[in-house]
1. Hey, could you get me the Stokes-Einstein D for region 128-227, Kirkwood radius over alpha-carbon pairs, 10 °C and 1.306 mPa s, rounded to whole µm² s⁻¹?
2. Would you compute, from DSSP H runs of 4+ residues alone, the mean residue ellipticity of the chain at 222 nm, taking -39500 (n - 2.57) per run and dividing by the full residue count, rounded to the nearest 500?
3. Considering all projection directions equally, how large on average is the shadow of the alpha-carbon convex hull of region 4-123, in square nanometres?
4. Please report the Cα spread of region 10-61 along all three principal axes, rounded to whole Å, starting with the longest.
5. Given 153/227; 187/213; 153/180; 102/172; 67/160, which pairs have Cα atoms separated by over 25 Å?
6. With springs connecting C-alpha atoms under 10 Å apart, model the chain as a Gaussian network and identify which of 191, 162, 104 has the largest mean-square fluctuation.
7. Relative contact order for region 173-228 using alpha-carbon pairs under 8 Å, separation at least 6, rounded to a whole percent?
8. What whole-number distance in Å separates the alpha-carbon centres of region 18-55 and region 184-224?
Amino acid sequence: MMGNILIVDDDQEIRNLISIYLENEGLKTQKAEDALEALKLLEKSECDLIILDIMMPNMDGIQACIKIREERHLPIIMLSARSEDMDKIQGLASGADDYITKPFNPLELIARVKSQLRRYKKYNTGSDQNKNLIEIGDLSINTDTRQVHAGNKEVRLTPKEFDILELLARNKGIVLSVSKIYEAVWKEDFFKSDNTVMVHITKIREKIEEEPKRPIYIKTVWGVGYKI
């Protein structure tokens with residue numbers, strides 16, 4: 001199993017405790033006392049998973065997660081003393097894969113780390129054929145033939161609709177802003193008043209969702225953007 005873990009927490013005792021448990025499982029660890037140090041480490045070395053505390057000085061874990069997600073798709077487990085649902089939602093909406101609340105059982109954290117590493121390995125290895133096929137639930141997207149199937153039904157999308165769907169699918173779980181979607185698909189600057197992306201998302205939902213007004217694939221994250 002891959003296993004180079006970056007631990008980001010401003011509490012040295014917690015960093016060291018997590019590191020000991022992970023290394024006892026044969027995993028390698030790097031440690032950073034804040035998000036800025038973590039971002040510098042990521043520029044110099046690769047890692048397979050990040051354990052990221054939310055409450056930190058200078059830059060909090062939510063901001064750090066959004067920044068990391070701009071370039072990397074590796075698993076991120078958020079760590080926080082807060083347990084309110086809204087904090088969990090905010091953490092996951094920023095692109096985190098999992099969330100665990102302090103005080104935590106180290107064995108539970110280890111189990112979650114291993115689970116995320118297995119998933120990451122599964123979706124980042126395999127044949128070229130598998131890389132050209134994205135499957136999410138009953139939705140199947142072939143990036144070679146540009147064919148889309150929802151269940152047993154083939155869905156016919158326009159080129160731009162397909163590009164948007166592929167972009168969201170390749171960034172599964174990550175919230176992409178309207179401006180980021182527009183600039184990635186249309187290759188030109190986005191203007192705030194432009195509702196082109198929203199119109200295309202509506203059309204895609206009408207084609208791939210059983211109930212477009214209650215979508216299960218493309219989710220709206222209010223005030224932020226869209227994600228699969």
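What follows is calculated from the coordinates using simple rules that are stated; it is not laboratory data. From a predicted model like this one, the values you see are computed outputs, not experimental measurements. Ideal geometry is used to build each Cβ from the backbone, glycine not excepted, and the neighbour counts take in all protein chains shown.
1. Working: Rh = 13.9 Å.
It diffuses with D of about 115 µm²/s by this estimate.
2. On the way: 9 runs with 97 residues, N = 228.
It comes out at -13000 deg cm²/dmol, rounded to the nearest 500.
3. Working: hull surface 26.9 nm².
If I average the Cα hull's projected area over directions, I get 6.7 nm².
4. 31, 24, 13
5. Working: 153/227 22 Å; 187/213 29 Å; 153/180 30 Å; 102/172 27 Å; 67/160 27 Å.
The pairs that break the limit, which is 25 Å between Cα atoms, are 187/213; 153/180; 102/172; 67/160.
6. Result for the chain, Cα springs under 10 Å: 191 fluctuates most.
7. Values: 50 pairs, mean separation 25.8, N = 56.
It rounds to 46 percent for region 173-228.
8. A separation of 35 Å, based on Cα centres.
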